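Before any comments, here is the structure.
The values are calculated or read from the model by the stated rules, or taken from the named source; none is laboratory data. Every value quoted in this text rests on a predicted model; they were computed, and no experiment measured them. Virtual Cβ from ideal backbone geometry, glycine too; neighbours counted across all protein chains shown.
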Amino acid sequence: MNTKELCEKANEIRKDIIKMLEEAKSGHSAGSLGMADVFTALYFGDVVKYDAKKPDCEERDMVILSNAHICPVWYAVLAHAGYFPKEELMTLRKLGSKLQGHPYRQSVPGIETSGGSLGQGLSIACGMAYSFQNFDKKDNWVWCLTSDGEANEGQIWEAAMFAGKNRLFNLTQIMDRNNIQIDGYTEDVMPLEPLKEKYESFGWHVIDVDGHNIEEIIGACHKSKTIFEKPTLIIAHTIPGKGVEFMEWRYCWHGKVPNSKEAQEALKCLRSLGGKIKSESE
Amino acid sequence: MNLVKNLYQKDKLEQKPTRDGYGEALVELGKQNENIIVLGADLTGSTRCDWFQKEFPDRFIEVGIAEQNLACIAAGLALVGKIPFASTYSVFCPGRNWDQIRISIAYNKANVKLTGAHAGVSVGPDGATHQGLEDIAITRCLPNMTVIAPCDYLETKKATIAAGNMKGPVYLRFAREATPMFTTEETSFEIGKAQVFREGKDVSIIACGPTVHEALLSADELEREGISVEVVNNATVKPMDEKTIIESAKKTGAVVTAEDHQVMGGMGSAVCEVLAKNYPVPVEMIGVQDRFGESGQQEELMKEFHLDKESIKEAVKKVVGRK
């Protein structure tokens, strides 16, 4: 896909997220919308090596979503990538659905680990990366998505130390730096800055990107694959709720979903690309 | 039963720490299967992982004093096909990393083997912070988790090998100090099977861990007082061999459970659950009675916390009176 197609795909993903969350009546809007560009870049920008028809193939990269509450965006991307039918997206959080509120490994092809309790995914990613590098001698990559609020958890730093010590170069962490968490802005709740310097002091290579510039994201991912001797952290600076004007920047949308009226507004906003397409916004 | 000849002569029996059985079994497993990986959290010598580390240095991973990371790195390894054994003290694992075990291991059904060394008050002088008394309670309540408390050095060896060969999350607990070796190579061990180590008619003592030998000693002495005591080795706390437990209760009509663990939530509680649902009989529970441990020597702590042979005898007499 070229850049224009990738942007369109990300927009499709955002529309699906709104529809899913409205139907489910609960879930996490801000982070899901915010990370739509990163996920689109990963799965449709020739970054992650995968085969949706053969989800267990040996050559596949591992994708770990540690801040698993934003799974709506991942589910949407997996469906668009062909792992399961798009119609199933509307079953999110319903009893008996394969799309649990927080991912359950056994129910969704393409999902390597269950998640939802913050701070655990990076360690799991380290275990996988360590195995590929030291035991299996495979060149499969491990992509681990985390959130910034999640870095309050001590375990994240345990994993960071481990990755640095063991020079897990086949591990790329992508942090959703949207500056929000449940109780407010990250720098008010528990300041993380200077974040880049912290990770660098742990032996990591760090790249800052605009989390909504798909080309930049893809570039950073490919760059991370050329960094030997160190794991890489890509700090993706995002706007929580990106794409839906009335949600953008507001931390209250972290764990809130749009009601029918709000969902209509949100979809109108997405269809008209934020009011740029006049005929849609009338 | 194929138990040792001098079963009831404690001073004639060889004493070996159960954790030695673990350490040796790891080396054996390592030789059989190249997917066996061992992880340590800065307690490598004490958990007897150093023997594996020496044989297979490339398959040993040091994570430092970071038990949450320990559990999840093990999960990551298991999810890509390895068979990790993660070892530290029971107070730290499952104590410190219970959420990680719950989600990354149990919920994922990840093939991780967790070991909690230094379980029980018998840990000794280190005191309460290091005496793991709640580990069985917080692991057996997790779906998909197998929980084993082997009774001596040899059984620990067999249990470790069995754990390495089965699919799914396992938690193994062992003690710190040397305890009597009273089973033999011929004594059978199967995950999920309790064994009647001694037959009796009046009371069943259902025990796990090194406490099993204390139960046997008390049974031997009670025989001379006219009470016929059956002793069951209930090594697999989960999945429990309900059939054997119920059969024994039906036979004797009274039960004493015995473990070096809180009475709340441990193996004894699990036995009570099974009996209450299937065949209620009077039960007395030997275990730590809702208090923390403290510093002391193994023998004196067993007495202080009423986990020794004398306390077990008292409990037997009490439960007989309740029949």
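Here are some notes:
- Hey, residue B:22 farther than 22 Å from residue B:165 by Cα, among the aromatic types (Phe, Trp, Tyr) and at pLDDT 95 or above or not: no
- One residue stands out in the range B:62-92 among those that are within 21 Å of residue B:161 (Cβ to Cβ) and β-branched (Val, Ile, Thr): the one that is farthest from the other protein chains (Cβ to nearest Cβ), namely B:88.
- Residue match in the range B:112-129 (condition: within 12 Å of chain A (Cβ to nearest Cβ) and farther than 30 Å from residue B:306 by Cβ): yes
- Some residue of the range B:29-48 being of a type in the set (D, E, K, R), away from chain A (no Cβ under 14 Å), buried (at least 17 other Cβ atoms within 10 Å of the Cβ) and touching a helix residue (DSSP H, G or I) at 6+ places or on another chain (Cβ under 8 Å): yes
- Evaluated against (1) surrounded by fewer than 19 Cβ atoms within 10 Å (Cβ to Cβ); (2) part of a helix (DSSP H, G or I); (3) touching a Pro at 6+ places or on another chain (Cβ under 6 Å), residue A:55 falls short on exactly one condition, (2).
- Taking the criterion of being in contact with a strand residue (DSSP E or B) (Cβ under 8 Å, 6 or more places away or on another chain), under 19 Å from residue B:79 (Cα atoms) and crowded, with 24+ Cβ neighbours inside 10 Å, the residues of the range B:95-144 that qualify are B:101, B:105, B:112, B:113, B:114, B:115.
- Subset of the range B:231-260 [surrounded by fewer than 23 Cβ atoms within 10 Å (Cβ to Cβ) and closer than 18 Å to residue B:187 by Cα]: B:241, B:244
- Top-ranked residue in the range A:34-48 [being under 25 Å from residue A:119 (Cα atoms) and part of a loop (DSSP other than H, G, I, E, B); ranked as nearest to the other protein chains (Cβ to nearest Cβ)]: A:48
- Residue-level analysis places residue A:104 outside the set of residues that are among the aromatic types (Phe, Trp, Tyr), at the interface with chain B (Cβ under 9 Å from one of its Cβ atoms) and buried (at least 24 other Cβ atoms within 10 Å of the Cβ).
- Picking from residues in the range A:222-270 that are part of a helix (DSSP H, G or I) and under 20 Å from the mean Cα position of the chain (by Cα), the one that is nearest to residue A:32 (Cα to Cα) is A:253.
- Exclusive hit being over 14 Å from residue A:162 (Cα atoms), modelled with pLDDT of 95 or more and not aromatic (Phe, Trp, Tyr), set B:66, B:86, B:71: B:86
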